[in-house]
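Colleague: Before I ask anything, let me first share the structure, which is written out below as structure tokens.
Read-outs: derived from the displayed coordinates by stated rules, not from any lab. Note that the structure is predicted; figures quoted are calculated from it, not measured. Methodologically, a virtual Cβ is constructed for each residue, glycine included, from the backbone with ideal geometry; neighbour enumeration extends over all protein chains shown.
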Amino acid sequence: MSEPKTPDRDEDVVISEDALKKAEEYIEEEEGAANKFAGFLAAFVTFSAVAMSAFHLYTAYGIVPTQTLRPVHVAWVLFLGFLVFPVAKRFRHRIMWWDWILALMSVAVAVYLIQGGDDFTDRNTSPNRWDIFFGIALILMVMEVMRRTNGWIMPVITSAFILYALFGAYLPHPWTHKGYEVGRLIGHMYMTLEGIYGVAVDVSSSLIILFTIFGAFLQYSGAGKFYIDFSFAAMGGKPTGAGKTVVLASFLLGGPSGSGVATTVTLGAVAYPMLAKAGYEKDAAGGLLAAGGLGAIISPPVLGAAAFLIAEFLKISYLDVLLMACIPTVLFYLALFLMVEIDARKFHMHELLVEKVDTVWHLTRRYWYHFLSLISIVAFMMWGFSPVLSVFWATVVSFVTSFLRSDTALFSHDLFRGKRPILPLIFKSPFLKAMEGGSLGVLNVAATCAGAGIIVGVVTLTGLGLKFSSIVIDLAGGSLLMTAVYTSLVVWIVGLAVPVTASYIICAVIAAPALIKLGVPDFAAHMFIFYYAVLSEVSPPTALSPFAAAAITGGDPYKTTMQCWKYTVPAFLVPFMFVLDPSGQGLLLMGSTKALAAANWWSIAEVTLTAAVGIAALAGGFQGWALIKTNSLERWMLIIAGFALVYPTRLGDLIGFGFVIGALGMQFLRRRSMPAATAWALPAAGAALEGRGYSVKGRADWKPSSGESIPRAMPRTLKSSPISDGLMRRCTALVAFRRESVMLGSPSETRTASPQEMRKWACVV
């Protein structure tokens, strides 16, 4: 028998520094490898970042013209991007002379544009020599910062789109277009609000950066630690407690961060030892951590950066986007909780007493204001505030409430008592770190938005979106189902190469028109693309979240990815319900508050229930467990039922419910007919062991509960023992469960077996 992958539950699992360093590398792969400075350089970068955050907080409340805000935002992103991210790893933690030149050039590009005024914009179809020079410089600098923050793939894709715009006249039908000269292309990209300074940068400059500042305020006021402590306190002490703790903490922690990889690493460093001691093997633990991190991107009240873009593309309220995400989020976490419940039975988990920082009541009483900060965004929007003002005032709420306790205050209470020098307290304050972190945290996303603006500009200039939609529809033969399948594959493939935000932007302009052309409402088409862009985060070969989780757990990256797929498979199927039938749009609450007011609530409840049952069937089928362990027939019946139920038709529902009832009925009958463990097995096993210098004692009247499974593992100490075969032949069940009093040891000294040992000493029924 192979060595078990699960660490002994009596042993403390320690995550090595090398594992954490490896996991951090995956965060750097997603967010860029930032420099770390000291002295003057550190002070200068901090000052620049704080000034950038202060400027954008001002723009949330003050009035700054769009033609000024977007260029200044991009200039600041490029300026800090060249200083914070090195051109190569060997130049880390220092600023080279070319970095200074590029940083100053990014400022010059913005100054030239702003000083040009209306005349500058009016000559976009026939730019002069200096316009072309600064436009080319801007495009090259945007691609360089994208490379520094996100790697080579995004600049390569952007370059391909630029080449398509320049040389499209030489391509065959249906890809051909008339082609555009360099001047015309530069004018469109640099001198209008349709290219680099388009929708994506608009959202980045007005919403995304404000949310990163808000998330930084929560982080430095201790909200992240509180969310983890709260989850541990609320979910510990049950066999499913470890898994549920991860799920709940991922939801609370991931909302403010908006990063699946960062959430996975942050939570994994704390939670993996608990998962290991509970009985999760390495790959399963990593898969659950990555799945929880994925949920952070799709969960209200913050979602990921792409959610803001949905609101802008569709010209709807951000509150409507949050509304659309509610039921899919509930379904996603329903799937995770079901998977965790099944895991507790598959891995024979025992009650794990989590070391609690405090009780739920005491934690909530002391730090309740962290929840207030999180929900205040939605509250302000419901009161009629714009998304920009909502996040601004939510940040103010986070700042003010942080002073309710000295350990969460963004400025030390000593600052107001006059006991210590003022300047050191200000310069070393969490407030200053939060202001700095808010700007630095947006650089990779903002650079991606600027690069995506180039792609969007090419698509709108050449009409590529309409061409692509026609190609996809023709390939699918006009079938909505096949068009949705092909669209999901396109989004998935694009998502393998680029970040979620870029993936959504690219596919929203080239793939969404195909679904809309076949009658799918625009909000359903965009949510479909959004979810598949997010799901690409857990798809190899660039599945950063599972790979980061595997680095922490020590598991196999690809096996961890497959485990993550198992946990998230319902999320891959539910989006099809949005687009295949009008009833499925009920899962999105009809796309807006206005439409919801006139909606058929019975239909919404029906489709939600159907989806929930389908998800439960898929969870049982893919895990191989429902009431008891499934056989092959029951497993396939549940999987088929799950697929049928997520296809929103009456026939699919009838087939799905029929297969679910049939599979559960078979399981119920099998469970009732399962033989119980007999009393004679204990003396037989005990005698065999005692003959070899062991003593085994247990209750002879014990019988397993209905449907309880007994693990197959034999102990390593018996692997080569002469009695091992005899044990397997002679015992029906060796009592080795948490409810038993099993004693192990020499005849002179016995001890109670640990849960891990009891698991290992079990025989097959």
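Colleague: What does the highest-first list of 61-69, 378-386 look like by mean Cβ count within 10 Å? Before the final figure, lay out each step's value.
Modeller: Working: 61-69: 12.4, 378-386: 15.0.
Per-residue Cβ counts within 10 Å, averaged per peptide and sorted highest first, yield 378-386, 61-69.
Colleague: How many nm is it between the label spots at Leu654 and Leu193, if each spot is 7 Å from the Cα in line with the beta carbon?
Modeller: Placing both labels 7 Å along Cα→Cβ, they lie 5.4 nm apart.
Colleague: What's the extension gain from Tyr61 to Phe337 if we count 0.36 nm per residue and subtract their Cα-Cα distance? Write down the numbers at each step before the final one.
Modeller: Values: separation 276, 0.36 × 276 = 99.36 nm, distance 4.12 nm.
So the extension gain works out to 95.2 nm.
Colleague: Would you kindly state how much longer the chain becomes between Ser317 and His362 on full extension, computed as 0.36 nm times their sequence separation minus their alpha carbon distance, in nm to one decimal?
Modeller: On the way: separation 45, 0.36 × 45 = 16.20 nm, distance 3.71 nm.
Extra length from Ser317 to His362 when fully extended: 12.5 nm.
Colleague: With r defined as the distance between the Cβ atoms of Phe40 and Asp474 and R0 fixed at 45 Å, what FRET efficiency is calculated, to the nearest 0.05? Before the final figure, lay out the partial values.
Modeller: Details: r = 61 Å, r/R0 = 1.36.
Step by step, r from the Cβ atoms, then E = 0.15.
Colleague: On full extension of the chain, what length is gained from Phe371 through Trp130, given 0.36 nm per residue of separation minus the C-alpha to C-alpha distance?
Modeller: Between Phe371 and Trp130, full extension yields 81.6 nm more.
Colleague: Also, I was wondering about something else. Order 241-249, 118-126 from most to least packed using the mean count of other Cβ atoms within 10 Å.
Modeller: On the way: 241-249: 26.0, 118-126: 12.6.
Ranking the peptides 241-249, 118-126 by packing returns 241-249, 118-126.
Colleague: How do the peptides 218-229, 521-532, 447-458 rank, highest first, by the average count of neighbouring beta carbon atoms within 10 Å per residue? Mind showing how you got there, number by number?
Modeller: Details: 218-229: 22.6, 521-532: 25.0, 447-458: 28.1.
With the highest mean Cβ count within 10 Å placed first, the list reads 447-458, 521-532, 218-229.
Colleague: Calculated FRET efficiency, Glu181 and Ile493, Cβ-Cβ r, R0 35 Å, to nearest 0.05?
Modeller: Values: r = 31 Å, r/R0 = 0.90.
Efficiency for this residue pair is about 0.65.
Colleague: With a ≥ b ≥ c taken as the square roots of the eigenvalues of the C-alpha gyration tensor of segment 185-329, please select rounded if a/c is under 1.5 and otherwise prolate if a/b is larger than b/c or oblate if it is not? Before the final figure, lay out the partial values.
Modeller: Details: a/c = 2.51, a/b = 2.46, b/c = 1.02.
It comes out prolate by the Cα gyration axes.
Colleague: Considering only Cα-Cα distances, which of the following residue pairs are longer than 20 Å: Lys21/Lys433; Lys89/Lys433; Lys225/Lys346; Lys21/Lys346; Lys346/Lys566; Lys467/Lys517? Walk me through the numbers on the way to the answer.
Modeller: Details: Lys21/Lys433 22 Å; Lys89/Lys433 25 Å; Lys225/Lys346 31 Å; Lys21/Lys346 32 Å; Lys346/Lys566 14 Å; Lys467/Lys517 12 Å.
The answer is Lys21/Lys433; Lys89/Lys433; Lys225/Lys346; Lys21/Lys346.
Colleague: Still on this structure, I have one more. Give the calculated FRET efficiency between Ile516 and Met382 to the nearest 0.05, with a Förster radius of 35 Å applied to their Cβ-Cβ distance.
Modeller: The computed FRET efficiency comes out at 0.75.
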